[in-house]
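A short write-up of the structure that comes next.
The values are calculated or read from the model by the stated rules, or taken from the named source; none is laboratory data. Fair warning: this is a prediction, and the values are worked out from it, not measured in the lab. Neighbour counts run over all protein chains shown; Cβ positions are idealised from the backbone, glycine included. Calculation scope for accessible area: heavy atoms of the full protein, side chains included, ligands and nucleic acids excluded. Shrake-Rupley method; radii C 1.70, N 1.55, O 1.52, S 1.80 Å.
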Amino acid sequence: MTALPPNKILLTRSDLPRLGLNLSPSTLLRLEAAGQFPKRVRIGAHSVAWLATEIHEHITKLAADREAA
């Protein structure tokens, strides 16, 4: 079995808390609309996910902002 390229790995809402992102659905929507969280990808009629690379970049940016403050 071959591994998927990192930019093709999708994370669902259930994956986000394992990365330390314990955000409610309404908070996610608000942050996305404000450009403060990566945009979701629709993967089905009632399902969304995020690109893993974008989520990891977001977490890295949060850490860098913390260090700069």
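What to note about this one:
This table checks each residue for (1) over 16 Å from Pro17 (Cβ atoms); (2) open to solvent by less than 90 Å² (accessible area, probe 1.4 Å); (3) in contact (Cβ under 8 Å) with a residue 40 or more places away in the chain.
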| residue | (1), (2), (3) |
| --- | --- |
| Glu32 | yes, yes, no |
| Gly35 | yes, yes, no |
| Lys39 | yes, no, no |
| Ala45 | yes, yes, no |
| Trp50 | no, yes, yes |
| Thr53 | yes, yes, yes |
| Glu57 | yes, no, no |
| Leu62 | no, yes, no |
| Glu67 | yes, no, no |
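- Qualifying residues in segment 9-27 (those that are assigned to a helix (DSSP H, G or I) and in contact (Cβ under 8 Å) with a residue 12 or more places away in the chain) - the one least open to solvent (accessible area, probe 1.4 Å): Leu16
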